[in-house]
Every structure is written in C-alpha cells, then in structure tokens.
Amino acid sequence: MRDDLTDMIIHDLRSPLTSINLGLDLLGKSIDDPGRRQNAPSLLSGSKTSVQRMMALIDQLLDVARLEMGRLPIVAKPAPLAALLREKAAQFLPQAENDGKRLEVVARPDLPTVPMDRELIGRVLDNLLSNALKYTRTGGYVALRAACNGYSVVVQVVDDGEGVTPEQAAHIFDKFYQVKDDAGKPMRRGTGLGLTFCKLVVEAHNGRIWLESQPGNGSIFSFTLPFNPEN
Ligand code: ADP
C-alpha cells in the first residue's frame, strides 16, 4: 500500500506539477518575448488540464478517505433505478459510439424503487461504465443490466473486453490497485481508486460488489442494492 501511495504521488501528482511548473516558466518568458506569445494559449490550457486532473484525483482520494471513516454523508432516498440506468446509458452513449462500441441497457422498466444515494450510486455507475468502455476494444460490447433477486436488485456492468486473471480479480477492489503490463506499467491511465470507491459506496448501502472475469473473455461487475418490499 505504501509503495502504491508513493507511485501515485509520483505519477499522478508530481508529474502534472512538473509540467505546470514548466508551463509557467515558458509563459513567463512569453510575456517579455513577443515571438513566443502565440504559445501562451496552449501553455495555459495544458496547465489548466493538469490542474483539473490533480483536483479530480484529490477529490477522489478525499471521498475514499471519508467513506473509509464513515464520514461521507449517505443521503439514501427511494429512487427508481430504471431511470438512473437509462440516464447513465444516455450519458455514455456518445463516447461509446465515438469509440465504435455498442452500449445497451437490459432492464425491466418496472424495477422497484430502491433506497439509494442517487448521486453516489450514479458515480459508481460512472466508474464501472467508464472502465468497461476503457478496457474494451473498438467494436466491443458493453451492457448495463439489472434484475430483482429476492429483496435486492442486482446491477451488472458487462463487457466483452480484455478481462483479468483470478489473481488480479482478487485485488481489484484494493486501494490504488492497478493491473500492470509486463514492464510494470498500468495498462491505461488511471489511479486505482475507482473500484475502491465503488466498493465503499455499495457497502455503505448494505450491498455487495464482486467481479467475474476471464482474461480475453470480458468482465461482469455486479453489485446488489437491498430494498424493503413493504415500502
Ligand atoms: P483505474 O482508475 O486505474 O482504472 P480502477 O480501480 O477503476 O482504477 O481499476 C483498477 C484496475 O482494474 C485497473 O487498473 C484495470 O486494469 C482493472 N479493470 C477495471 N475495470 C476493468 C474492466 N472492465 N476490464 C478489465 N480490467 C478492468
């Protein structure tokens, strides 16, 4: 965990800070040198992107820390799950289409109303859907499924992408865990915090989250949200 934290600080915080620092130096030079002034807008927007990336990472770190300490307020109110799933699919459809991937929702419209913090469960779906699209090749398939199972709704994010080995699956919800390639580099840009966030949010709703996957054969991330049938 310590090594992972050091890795994260070096790659996700120090590198953008270095590039912002360089950008500021160059911007400073462009003030006195009219010949360099045309570079100013791209230096500014590059630095802004780095700052935003760092802020998003810090927010994610803080949310995970607050969830671990039970200090992130969960505002669970009965909400129709089918509507949230449709909303999330619509949000990711342009990205899927742009990347040449198929995205569909397979859920009955009469799914029960489930007590949930809509904003936090929405962010769980954001993480799972963006991963599913990130780890699926062009021409791939991603589905958002939901069905009732007793007094729980089971939500699944399914992809036919690269999948993970059982050893990788065993650690996938660990803080900072990232699947690395043979050279020890993460397969894609990321922080290893997204799935930790998902697990903590689902557990704060008294649900469970798990992964079924095989290398080369896709992944199914499932989570449950319990409900009371009398409400
Ligand atoms: P990151 O921000 O690095 O993607 P996550 O916690 O979301 O962090 O994911 C942890 C690791 O799990 C990633 O490094 C990735 O390799 C693997 N992973 C997550 N989702 C999938 C998926 N749908 N298919 C294959 N691998 C995945």
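Which cross-chain or sequence-distant (5 or more) residues have an amide H under 5 Å from the amide H of VAL142, H modelled 1.01 Å from N in plane?
Hits under the 5 Å cutoff: ARG102, LEU103, GLU104.
So how strong a dipole does the chain carry about its Cα centre when Lys and Arg Cβ are +1 and Asp and Glu Cβ are -1, to the nearest 20 debye?
Numbers: 27 positive and 28 negative charges, 88 e Å.
It comes to approximately 420 debye.
How far is helix 40-68 tilted off the main Cα axis of the chain, in degrees rounded to 10, range 0 to 90?
40
Hey, any idea what % of the chain's accessible area is carbon plus sulfur with a 1.4 Å probe?
On the way: 7000 of 13160 Å².
That fraction is 53 percent.
Quick check: the distance between the Cα centres of segment 68-121 and segment 29-66, to the nearest angstrom?
Their Cα centres are 31 Å away from one another.
Kindly flag which residue pairs out of LYS101/LYS134; LYS175/LYS199; LYS77/LYS175; LYS134/LYS185 have an alpha-carbon separation exceeding 20 Å in this structure. The partial results should precede the final answer.
Values: LYS101/LYS134 10 Å; LYS175/LYS199 10 Å; LYS77/LYS175 28 Å; LYS134/LYS185 16 Å.
Too far apart for the 20 Å limit: LYS77/LYS175.
Would you mind calculating the relative contact order of the chain from Cα pairs under 8 angstrom and at least 6 residues apart, reporting the percent as a whole number?
Values: 351 pairs, mean separation 43.0, N = 231.
Worked out over the chain, it gives 19 percent.
Can you show me the helix-derived [θ] at 222 nm for the chain, built from DSSP H runs with n ≥ 4 at -39,500 (n - 2.57) apiece and divided by the number of residues, rounded to the nearest 500. Please report the intermediate quantities before stating the final value.
Numbers: 7 runs with 106 residues, N = 231.
Computed ellipticity for the chain at 222 nm equals -15000 deg cm²/dmol.
Could you state the angle between the C-alpha long axis of helix 15-32 and the longest principal axis of the C-alpha atoms of the chain, as a value from 0 to 90 degrees rounded to the nearest 10?
40
Would you mind getting the accessible area per residue of segment 1-125, heavy atoms of the protein chains only, 1.4 Å probe, in Å²?
Values: 8020 Å² over 125 residues.
Per residue, segment 1-125 has 64 Å² of solvent-accessible surface.
The values are calculated or read from the model by the stated rules, or taken from the named source; none is laboratory data. Keep in mind that this is a model prediction, so the values were computed, not measured. Using ideal geometry, Cβ is built from the backbone for each residue, glycine included, and neighbour counts are taken over all protein chains shown. To get the accessible areas, we keep the full protein, side chains included, count just its heavy atoms, and leave off ligands, DNA and RNA. Shrake-Rupley method; radii C 1.70, N 1.55, O 1.52, S 1.80 Å.
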